[in-house]
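The values are calculated or read from the model by the stated rules, or taken from the named source; none is laboratory data. Being a predicted model, the structure only gives us computed values, none of them experimental. Positions of Cβ are generated from backbone atoms using ideal geometry, with glycine treated the same way; all protein chains shown enter the neighbour counts.
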Amino acid sequence: MNSLNIFITGGASGIGLGIAQALAADGHHIIVADINQDAATTAARQIEASGGSAQAMAVDVCNVQQVAALADDLADTPVDVLINNAGIQHVSRLEDFPAEKWQQLINIMLVGPALLTQAFLPGMRQRNFGRIVNVGSIHSVIASPYKSAYVAAKHGLLGFAKTVALETGDCDVTINTLCPAYVKTPLVEQQIAAQAKENNLTEEEVVSKIMLEPMPKKQFISVEELADTARFLISHSARNITGQTMILDGGWTAR
Ligand code: NAD
């Protein structure tokens, strides 16, 4: 495959960083876009130190003006692949959920991907090639209590992807959503600690009794599995896979 320019939001940590490293190893150029500029710079340097090609950009996916300017800012590095991965979590019963937090989660994980797609789609269309990979979640297809904003944002992402798939049927652009169950990243490590405290359990009990309990496979999903699925979705072989939901959940939703 030709070397592609791949823009990954939240690329400085966890799943985004893992996908960035894997796709860089395939010879692609990675734009590590993250609200945490220092972490993005460190990630890009790590990729370069491993022989890959990368640059860092400080981007807040909720900042309308900043996102709208990205295609011009990257005129010399036209984006072929957009990976909408940035995300955060907040766990609270709805009655206690701060309104600003609810809006922030929707902005980062639903409005952000829409703004970024809007920014890069014209260029993809013009060059008749583009791949958009959203990182959704098992919570794109099922709910858990106390995660109303996260579940709503991640469910919304599927509707968004289906709509854009219909709007891009006339060119070689696809949009799909990866939906993993739990992946051991900083985001989940924080949840393990918080749930242990809240439920008066040890961290091992949170993992076995809460997180992995609904998964027949009883294993965390690895970043490598997600990177391999993304690698397939951006390939020529996946040119007719669009508007789809790729669920990596160890059998959770087979029940
Ligand atoms: P993480 O906390 O390790 O990384 C998230 C990254 O997003 C961080 O680098 C953070 O700085 C960045 N970010 C946050 N807000 C941003 C903003 N406004 N603009 C730009 N960047 C921003 O988390 P992770 O576990 O790697 O999660 C990545 C994605 O995967 C998220 O969308 C998350 O919902 C999804 N996901 C994670 C799991 C899991 O178990 N870890 C499971 C399913 C889905």
query = surrounded by 14 or more Cβ atoms within 10 Å (Cβ to Cβ), outside the structural domain of ASN85 (by TED's automatic domain parsing), more than 14 Å from the chain's Cα centre (by Cα) and within 13 Å of the ligand (Cβ to nearest atom), is that true of LEU201?
reply = no
key: Residues of segment 160-194 that turn out to be assigned to a helix (DSSP H, G or I) and either in contact with a Ser or Thr (Cβ under 7 Å, 6 or more places away or on another chain) or under 23 Å from SER222 (Cβ atoms) (or both), as a count   = 12
ask   = Does LEU105 satisfy being modelled with pLDDT of 95 or more, under 16 Å from the mean Cα position of the chain (by Cα) and more than 12 Å from the ligand (Cβ to nearest atom)?
value = no
message = Exactly one condition in (1) at pLDDT below 95; (2) among the hydrophobic types (A, V, I, L, M, F, W, C); (3) away from the ligand (no atom under 13 Å from the Cβ); (4) under 18 Å from the mean Cα position of the chain (by Cα) is false for VAL188; which is it?
response = (3)
request  = Give the residue that is nearest to ILE6 (Cα to Cα), with candidates limited to residues of segment 209-228 that are part of a helix (DSSP H, G or I) and modelled with pLDDT of 95 or more.
outcome  = ALA227
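This table checks each residue for (1) within 13 Å of the ligand (Cβ to nearest atom); (2) within 29 Å of ASN2 (Cα to Cα); (3) touching a strand residue (DSSP E or B) at 6+ places or on another chain (Cβ under 7 Å).
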{"position": "GLY136", "(1), (2), (3)": "yes, yes, yes"}
{"position": "ASP170", "(1), (2), (3)": "no, yes, no"}
{"position": "VAL183", "(1), (2), (3)": "yes, no, yes"}
{"position": "ALA194", "(1), (2), (3)": "no, no, no"}
request  = Would you be able to tell me the number of residues in segment 140-159 that are in a helix (DSSP H, G or I) and either surrounded by fewer than 21 Cβ atoms within 10 Å (Cβ to Cβ) or not assigned by TED's automatic domain parsing to the domain that holds ALA227 (or both)?
outcome  = 7
